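Accompanying notes for the structure given below.
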Amino acid sequence: MTVSIPTQRIASSRVDEIDLENPDFDLGFGDMFSDHMFQMDYSDGAWRDPRIVPYGPFAIEPGALCLHYGQAVFEGLKAFRGEDGMIRVFRPDRNFSRLERSCQRLCIPTFDRETFLDAIDSLVRIDRNWIPSKRGQALYIRPLVVATESNLNVRPAREYRFFIMTSPVREYFTGGTVALKAERRYTRSAPGGMGYAKTAGNYAASLLPGSESQQLGHDQVLWLDGLEHRYVEEVGQMNIFFKIDGKVLTPDLHGTILPGVTRESVIDILRDEGVAVEECRIDINDILKAHENGSLEEAFGAGTAAVIAPVGCIRIDDTDITINHAEPGPLAQHLYQRIVDIQRGACDDQFGWNRLIE
Ligand code: COI
């Protein structure tokens, strides 16, 4: 049941500044934010004062601990306006569970699931005019928790802000396929580290390797494990899947990989459809071998922002491997259609993944 959150409405909506119905209007990804945001603060040992306010800057002290020592976690999920006009949020309960685990890893106090879900319901409802209806577009929901206490000791903060903003978006990758570079030098995460947490520092660590690989003409880094730089982990903005000899493989979660909600959904869909799928260690050298012997049929990424992003080529050391002639493969296309259909209410939500917003 949704509780009523104290709300300060914006005087005049900005939604008319964008043309959501115009197919030529490029929303971009995260380039604009809708009218309102949710906020709630933690102090004296309790979360307090949940509220919805107009989107806009807020003040934190220069000494705020999140700015110095990176005590910040976030989430990403989407709301859709379906073919039937209904509004659906995709699996927000899974994002809450992950946010809880991220908070625990960074010593951030958690709050209850209902608070998270009510905040999202209320925010999506108040900014429903910002939800695009075009297939491929959505209202991206970005919750964050950051340490706001002003202090320079390296210790968990005693004050935090939890806030949620939303942004109408297109999909993250727009080309037909993405080109990856297997990263043998830099490391995203290591055993015992923070790889499974959705924390700002993991993304900061990816910027230099990402821009170096882009200078060489690749779209993204394919992260390998931090010990041997040999076993495939993830792409940073998405999890990775390979189809080899009829079987779908994805790296198993062992603490260094972000447990993606789309990753989980892909596995569930494949198992439901009777497709063999295995979560396991994947040696990058075996990907090369599978390419050489012709058994590497497809590779694709899966993520909230990316949805399903087919991989067209991978640079492994000095070798460029091209997958499915650098075209989106049939499995990736099928999974994309299936997931988007579920999210937009265009087919039966057999797994009960959608949260309907009245
Ligand atoms: C998401 O897919 O929601 C993500 O958080 C990736 C984002 C960093 C672009």
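The values are calculated or read from the model by the stated rules, or taken from the named source; none is laboratory data. Remember, it's a predicted structure, so these values are computed and weren't measured experimentally. FYI the Cβ positions are ideal-geometry reconstructions off the backbone, even for glycines, and counts take in every protein chain you see. In case anyone asks, the SASA skips ligands and DNA or RNA and just uses the protein heavy atoms, side chains included. Shrake-Rupley method; radii C 1.70, N 1.55, O 1.52, S 1.80 Å.
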Rule-of-thumb check for region 178-344: C-alpha Rg over 2.2 N^0.38 Å? 0.96
Charges on Cβ only, +1 for Lys and Arg, -1 for Asp and Glu, centred on the Cα centroid of the chain; of CYS347, ASN293, ILE321, which one is farthest towards the dipole's positive end? CYS347
Please give the helix 113-126 orientation as an angle from the longest Cα principal axis of the chain, in degrees from 0 to 90, rounded to the nearest 10. 80
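I need the Kirkwood Rh of the chain: take the reciprocal of the average 1/r across all distinct C-alpha pairs and report it in angstrom.
Kirkwood radius, the chain: 21.3 Å.
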Taking only protein heavy atoms and a 1.4 Å probe, what accessible area per residue, in Å², does region 178-344 have with all protein chains in place? 39
Under 19 Å Cα-Cα from LYS181, which lysines qualify once same-chain neighbours fewer than 8 residues away are excluded? LYS243, LYS289
Between GLN104 and ASP348, with labels modelled 7 Å along Cα→Cβ, what's the label distance in nm to one decimal, could you check? 3.5
Between the alpha carbon centres of region 40-89 and region 163-185 the gap in Å comes to 21
Using 0.36 nm per residue, how much length does the chain from ASP318 to ARG281 gain when fully extended, once their Cα-Cα distance is taken away? 11.0 nm
What distance in nm separates the two pseudo spin-label positions at ILE18 and VAL53, each 7 Å out from Cα along the beta-carbon direction? 2.2
For ASP245 and ARG125, FRET efficiency with R0 = 56 Å and r from the beta-carbon atoms, rounded to 0.05? 0.75
Place +1 on the Cβ of every Lys and Arg and -1 on the Cβ of every Asp and Glu in region 63-219, take the dipole about the Cα centre, and give the residue among ILE120, PHE96, GLY193 whose Cα lies farthest towards its positive end. GLY193
Would you mind computing, in nm to one decimal, how far apart the modelled labels at PHE25 and ASP44 are, each placed 7 Å from Cα along Cα→Cβ? 4.5
Using packing as a proxy for protection, rank 342-353, 191-202, 40-51 so that the peptide with the highest average count of other Cβ atoms within 10 Å comes first. 191-202, 342-353, 40-51
Using a simple charge model, +1 on the beta-carbon of Lys and Arg, -1 on the beta-carbon of Asp and Glu, nothing else, what dipole does the chain show about its Cα centre, in debye to the nearest 20? 720
Where a ≥ b ≥ c are root eigenvalues of the Cα gyration tensor, a/c under 1.5 meaning rounded, otherwise prolate if a/b exceeds b/c and oblate otherwise, region 42-145 counts as prolate
